[in-house]
């Protein structure tokens, strides 16, 4: 299994890139969204900053990655953003040749980084990302605009500037403007085609975990 990490600001277009890859290579790509691993309220009722690694059960994510690498199906949690809590239901995820790990904080977790064979940072200006976030949280998640702004001012902006944006320097590939950058997407598609056609190790490619 070859693992691609896609990082970027909330609202940068990470999910759009994942969807584009899934559509281009049906049946070949699995996706685990880091934000599905927010702790349930019953397990961690005191979470105040949802833009910090401590709010996410990354140990479970890493365990699931290892299970998939060993050919075993996992039950991925479902986080309900309208209720701000994890559901009791899960989603069955089966192993695929390529696995995408998507999240705004995945490059800030030392235990997770060695598992990522290719690191992609989706780079958009902070103002564009927050506009997209406001639209998403208000329309799709039913939050008030004021609550979104309050969260942005209290935690989101600091995390974006101090955690997420600096992590772009840990990326192997930076995609400016997200899924609208069709040239960059074609480069990514070409890489994945090579991986799939040669058993995940193209000629001359050094796997990160083998360095």
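The values are calculated or read from the model by the stated rules, or taken from the named source; none is laboratory data. Note that the coordinates shown come from a computational prediction; the quantities given were computed from them, not determined experimentally. Positions of Cβ are backbone-derived with ideal geometry, glycine not excepted, and every protein chain shown enters the neighbour counts.
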Q: Could you grab me the full set of residues in region 171-192 that are assigned to a helix (DSSP H, G or I), out of contact with any strand residue (DSSP E or B) (no Cβ under 6 Å at 6 or more places or on another chain) and surrounded by 14 or more Cβ atoms within 10 Å (Cβ to Cβ)?
A: 179, 185, 188, 189, 191, 192
Q) Which condition breaks for residue 90 when tested against (1) surrounded by fewer than 19 Cβ atoms within 10 Å (Cβ to Cβ); (2) more than 22 Å from residue 19 (Cβ to Cβ); (3) touching a strand residue (DSSP E or B) at 6+ places or on another chain (Cβ under 9 Å)? A) (2)
Q.
Report every pair of residues separated by at least 6 positions or lying on different chains whose Cβ atoms are under 6 Å apart, first residue within region 1-13 and farther than 15 Å from residue 180 by Cβ, second in a loop (DSSP other than H, G, I, E, B) and at pLDDT 95 or above.
A. 2/117; 3/116; 3/117; 5/116
(Q) Considering only region 111-119, I want to know if a residue exists there that is at pLDDT 95 or above and over 22 Å from residue 57 (Cβ atoms). (A) yes
Q) Is it fair to say residue 137 is surrounded by 18 or more Cβ atoms within 10 Å (Cβ to Cβ) and either part of a helix (DSSP H, G or I) or touching a residue at least 60 places away in the same chain (Cβ under 8 Å) (or both)? A) yes
Q: May I ask you to say which residue of 134, 139 is closer than 13 Å to residue 11 by Cα and modelled with pLDDT under 85?
A: 134
Q) Out of all the residues in region 85-103, is one or more without any contact (Cβ under 8 Å) to a residue 12 or more places away in the chain and within 14 Å of residue 167 (Cβ to Cβ)? A) no
Q: May I ask you to list the residues in region 5-29 that are in a loop (DSSP other than H, G, I, E, B), crowded, with 19+ Cβ neighbours inside 10 Å and on the phi < 0 side of the Ramachandran plot?
A: 9, 10, 12
Q. Out of region 108-132, which residues are surrounded by 19 or more Cβ atoms within 10 Å (Cβ to Cβ) and assigned to a helix (DSSP H, G or I)?
A. 108, 115, 129, 130
**Q.** Complete set of residues in region 35-47 that are assigned to a loop (DSSP other than H, G, I, E, B) and surrounded by 13 or more Cβ atoms within 10 Å (Cβ to Cβ)
**A.** 39, 40, 41, 44, 47
Q. In region 59-84, what count of residues is obtained for those that are closer than 23 Å to residue 137 by Cβ, touching a residue at least 12 places away in the same chain (Cβ under 8 Å) and not in a strand (DSSP E or B)?
A. 4
Q: Inspect all residues belonging to region 11-24 and state whether any of them is within 18 Å of residue 111 (Cβ to Cβ) and within 18 Å of the chain's Cα centre (by Cα).
A: no
Q) Can you tell which of 61, 32, 68 is modelled with pLDDT of 95 or more, in contact with a strand residue (DSSP E or B) (Cβ under 8 Å, 6 or more places away or on another chain) and either loosely packed, with under 15 Cβ neighbours inside 10 Å or more than 25 Å from residue 162 (Cα to Cα) (or both)? A) 68
